[in-house]
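Enquirer: Quick one: this structure, given as structure tokens, is what I'll be asking you about.
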Amino acid sequence: MPRSVAASLTEGHVDKLPVTLLSGFLGAGKTTLLTHILTNREGLRVAVLVNDMAAINVDATLLSDSVQFHESKDKMIELHNGCICCTLREDLMASVRELTSEKRFDYLLIESTGISEPLPVASTFDAKDEKGRPLLGEVARLDTCVTVIDCFNFLKDYQSTDRAVDRKDLGAEKTDERTIVDLLVDQVEFANILILNKVDLISSDELISLRRTLIKLNPGASIIESEFGVVKPELVLNTRSFDMASASMLPGWLAELRSEARSSETEEYGISSFVYRSERPFHPGRLEKMLKCGSFPGVLRSKGHAWSASDPFFSIEWSQAGFATALKPGRPWLRSQSGLAVATQGYAELPAEEEKYNGSRYGDRRQELVFIGQGMDEAAIRESLSRALLTDEEFTRGPELWSTWKKVIMLHQTTRRKKFTIELTKLVDEPLGIGITTLADGIRVEEVYQAGLVRTWNVQNPDSAVKVGDVIQEVNGIPVADGMQTIRSSTSLSLTMLRTERDWATTGKRFEPFPVLSSAKSKAEFVSGDLVAVHSLSKQQALNGRRGEVLRFVEGSSRYEVKIPGVAGSKALQAENLLHGDF
């Protein structure tokens with residue numbers, strides 16, 4: 001290994017195990033890259049953690065077959081049947097703690113699954129327990145966050161309408177709502193090194209276009225080109241480049257929102273960005289109609305915060321990648337001068353960036369959306385957005401009218417029940433120090449007095465402190481209705497408590513364009529297999545077809561060749577006059 005890496009790891013006392021996280025979509029080349037790094041580690045003592053969604057860890061098997069591991073110096077741990085960003089997070093923490101406790105490794109490499117999001121994995125290294133103690137931060141540090149990009153398939157997958165569950169080889173759970181594009185964006189936006197693998201499979205122009213797209217999505221990341229996963233190890237090991245709070249980790253949309261700096265270099269290849277702002281709310285009905293119809297041709301990514309007139313309490317987190325747009329509950333609006341919601345809890349004073357809205361009629365409520373794309377028609381997109389805003393008459397009538405419209409953000413109450421046990425040692429007839437009410441299923445705590453056994457327990461055991469509203473269900477294993485005498489006479493009490501916690505939860509909406517190919521009848525012709533040529537369509541209209549993949553545009557013919565899974569040649573031949581949604 002080049003001395004620059006080896007020396008940096010051996011100079012001085014290394015008290016935390018450095019970690020490189022490898023992310024990337026299925027088939028991008030993560031295992032190939034990892035194999036190359038391990039083959040060229042030059043005596044570095046390396047631990048490897050490989051995650052696979054399947055019951056059999058295929059990547060770990062491939063590594064074992066390709067790399068010579070030395071039992072006395074190296075170690076590989078397999079985590080399978082789940083993903084380390086969610087279901088196997090506890091296993092990840094336990095594995096890292098186990099490796100660091102051995103104190104014999106110079107470095108840890110983690111290869112995540114193809115559907116893993118790097119942000120939750122990275123946050124694990126920064127997480128703390130209920131008492132504020134680091135879960136991993138005292139023994140390990142995330143050094144570098146790498147995402148491997150499949151140059152040949154990235155933009156093709158970016159046009160897909162598939163969800164993760166549609167591709168069986170990904171191993172996603174049935175409840176996984178994410179789209180393929182969601183996964184690609186998450187992996188690109190949260191990385192400080194992007195490795196463009198398989199550059200030999202695309203043209204120089206395609207590579208330039210891909211680079212410019214990725215720069216817009218993640219302007220702070222370093223970009224490295226590779227073939228067959230060949231990358232100098234010092235570029236991804238012990239770079240000390242990852243910083244959870246660093247501005248370099250800002251996704252492209254947020255960097256654009258803060259700077260709005262345009263790059264002529266990217267615009268040269270048709271890749272550009274702009275910010276849409278307005279201090280007037282969207283009409284919820286027109287907003288939904290616009291999103292269902294897919295009004296943003298050429299947009300690769302849009303993100304930001306929106307204001308819907310019928311949702312006065314919460315901002316709307318707008319997130320669009322590929323075809324789908326998700327509207328989720330965002331942060332509460334901070335201030336209002338018009339009788340709408342005021343949500344300043346947790347703020348001793350307004351954040352500096354919000355102070356400028358202090359005198360506004362509707363406070364900080366506004367539209368602030370970033371659009372990043374290739375060949376976008378900015379004027380047309382702005383016009384579509386503006387048509388969805390309230391008219392002058394609607395705006396003048398104010399919240400009294402707006403509150404009658406359907407909401408984008410739904411508010412509902414959630415209930416969670418938690419059982420726990422407290423152990424008390426007491427004198428005979430010594431009071432517990434609580435005020436109670438007898439219920440059919442137990443005894444409810446109405447007050448915890450300043451003096452008494454329960455108060456002492458709470459001081460000594462803050463994680464399981466008794467609160468007003470908790471219900472005593474059992475005493476020493478006996479239902480409380482039969483155990484009242486036990487409370488008075490026993491000197492040792494084990495009280496089973498039930499806590500019911502109620503909270504308000506919010507849910508948003510997700511929009512995917514209707515499968516409409518054209519507002520008029522369009523001519524189609526059978527080409528071969530499941531390939532159909534559609535005439536007289538714009539590219540956006542063709543893309544809005546049912547899971548259709550646009551392969552190419554035939555110059556001079558106004559014809560797009562679209563691959564439609566499951567469409568047989570006979571059906572395609574009969575589709576001389578296509579109506580809405582025939583695909």
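The values are calculated or read from the model by the stated rules, or taken from the named source; none is laboratory data. Computed from a predicted model, the values in this text were never measured in an experiment. Cβ sites come from the backbone with ideal geometry, for glycine too, and all protein chains shown count toward neighbours. Side chains included, ligands, DNA and RNA excluded: accessible areas come from the protein's heavy atoms. Shrake-Rupley method; radii C 1.70, N 1.55, O 1.52, S 1.80 Å.
Enquirer: Please name all residue pairs, on different chains or six or more residues apart, with Cβ atoms under 8 Å, provided the first residue is in region 95-111 and is within 12 Å of residue 37 (Cβ to Cβ) and the second residue is surrounded by fewer than 20 Cβ atoms within 10 Å (Cβ to Cβ).
Expert: Listed pairs, sorted by first residue: 107/9; 107/45.
Enquirer: Can you tell me which residue is most open to solvent (accessible area, probe 1.4 Å) among those in region 390-400 that are modelled with pLDDT of 95 or more and assigned to a loop (DSSP other than H, G, I, E, B)?
Expert: Per the stated criteria, the residue is 391.
Enquirer: Is region 401-423 home to any residue that is over 30 Å from residue 510 (Cα atoms), in contact with a strand residue (DSSP E or B) (Cβ under 9 Å, 6 or more places away or on another chain), touching a residue at least 24 places away in the same chain (Cβ under 8 Å) and open to solvent by less than 60 Å² (accessible area, probe 1.4 Å)?
Expert: Taking every residue of region 401-423 in turn, at least one turns out to be over 30 Å from residue 510 (Cα atoms), in contact with a strand residue (DSSP E or B) (Cβ under 9 Å, 6 or more places away or on another chain), touching a residue at least 24 places away in the same chain (Cβ under 8 Å) and open to solvent by less than 60 Å² (accessible area, probe 1.4 Å).
Enquirer: Does residue 422 satisfy being touching a helix residue (DSSP H, G or I) at 6+ places or on another chain (Cβ under 6 Å) and over 30 Å from residue 331 (Cβ atoms)?
Expert: Details: touching a helix residue (DSSP H, G or I) at 6+ places or on another chain (Cβ under 6 Å): yes; over 30 Å from residue 331 (Cβ atoms): yes.
Criteria met by residue 422.
Enquirer: While we're here: Confirm whether residue 301 is within 18 Å of the chain's Cα centre (by Cα) and either within 15 Å of residue 179 (Cβ to Cβ) or at pLDDT 85 or above (or both). Lay out the reasoning, then the answer.
Expert: Numbers: within 18 Å of the chain's Cα centre (by Cα): yes; either within 15 Å of residue 179 (Cβ to Cβ) or at pLDDT 85 or above (or both): yes.
In short, yes.
Enquirer: Right, another one. Within region 106-140, which residues are touching a Leu at 6+ places or on another chain (Cβ under 7 Å) and part of a loop (DSSP other than H, G, I, E, B)?
Expert: Quick first cut of region 106-140, residues touching a Leu at 6+ places or on another chain (Cβ under 7 Å) only: 106-112, 114-115, 118, 121-122, 124-125, 127-129, 139-140.
Matches in region 106-140: 106, 112, 114, 115, 125, 127, 129, 139.
Residue by residue, here is whether (1) hydrophobic (A, V, I, L, M, F, W, C); (2) more than 22 Å from the chain's Cα centre (by Cα); (3) on the phi > 0 side of the Ramachandran plot; (4) open to solvent by 10 Å² or more (accessible area, probe 1.4 Å) holds:
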residue: 93; (1), (2), (3), (4): yes, no, no, no
residue: 102; (1), (2), (3), (4): no, yes, no, yes
residue: 129; (1), (2), (3), (4): no, no, no, yes
residue: 152; (1), (2), (3), (4): yes, yes, no, yes
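Enquirer: Moving on to the next point. If only one of 146, 181 is touching a strand residue (DSSP E or B) at 6+ places or on another chain (Cβ under 7 Å) and either at pLDDT below 90 or aromatic (Phe, Trp, Tyr) (or both), which one is it?
Expert: Working: 146 fails: either at pLDDT below 90 or aromatic (Phe, Trp, Tyr) (or both).
Within the list 146, 181, the selection yields 181.
Enquirer: Of everything in region 87-135, what is at pLDDT below 85 and over 30 Å from residue 179 (Cα atoms)? Give them in sequence order.
Expert: Residues satisfying the conditions are 128, 129, 130, 131, 132, 133, 134, 135.
Enquirer: Check off (1) open to solvent by 30 Å² or more (accessible area, probe 1.4 Å); (2) closer than 21 Å to residue 222 by Cα for residue 192 and give me the number that stays unchecked.
Expert: With respect to (1) open to solvent by 30 Å² or more (accessible area, probe 1.4 Å); (2) closer than 21 Å to residue 222 by Cα, residue 192 is out only on (1).
Enquirer: Looking at the structure I just gave you, is residue 488 modelled with pLDDT of 90 or more and either outside any strand (DSSP E or B) or not polar (S, T, N, Q) (or both)? Before you say what the answer is, go through the steps one by one.
Expert: Working: modelled with pLDDT of 90 or more: no; either outside any strand (DSSP E or B) or not polar (S, T, N, Q) (or both): yes.
Spelling it out, it is not the case that residue 488 is modelled with pLDDT of 90 or more and either outside any strand (DSSP E or B) or not polar (S, T, N, Q) (or both).
Enquirer: Tally up the residues in region 180-221 that are assigned to a helix (DSSP H, G or I), polar (S, T, N, Q) and free of Cβ contacts under 8 Å to residues at least 40 places away in the same chain, please. Show your work before the answer.
Expert: Just the residues of region 180-221 that are assigned to a helix (DSSP H, G or I), to begin with: 180-189, 199-201, 204-217.
Next cut, polar (S, T, N, Q) only: 187, 204, 209, 213.
From what is left, the residues that are free of Cβ contacts under 8 Å to residues at least 40 places away in the same chain are 204.
Residues that pass the stated criteria total 1.
Enquirer: Something else: Just to be sure I understand, how many residues within region 458-485 are of a type outside the set (Gly, Ala, Ser), part of a loop (DSSP other than H, G, I, E, B) and open to solvent by 20 Å² or more (accessible area, probe 1.4 Å)?
Expert: Filtering region 458-485 down to residues of a type outside the set (Gly, Ala, Ser) leaves 458-463, 466-468, 470-476, 478-480, 482, 484-485.
Filter once more, keeping what is part of a loop (DSSP other than H, G, I, E, B): 461, 466-468, 470, 476.
From the residues that got through so far, the ones that are open to solvent by 20 Å² or more (accessible area, probe 1.4 Å) too are 461, 467-468, 476.
The number of residues fulfilling the criteria is 4.
Enquirer: Which condition number does residue 364 fail, the rest of (1) at pLDDT 90 or above; (2) part of a loop (DSSP other than H, G, I, E, B); (3) charged (D, E, K, R) being met?
Expert: (1)
Enquirer: Would you check if there is a residue in region 71-86 being at pLDDT 85 or above, of a type in the set (Lys, Arg) and surrounded by 15 or more Cβ atoms within 10 Å (Cβ to Cβ)? Talk me through it step by step, then tell me what you get.
Expert: So the first thing to find is which residues in region 71-86 are at pLDDT 85 or above, and the list is none.
No, region 71-86 contains no residue that is at pLDDT 85 or above, of a type in the set (Lys, Arg) and surrounded by 15 or more Cβ atoms within 10 Å (Cβ to Cβ).
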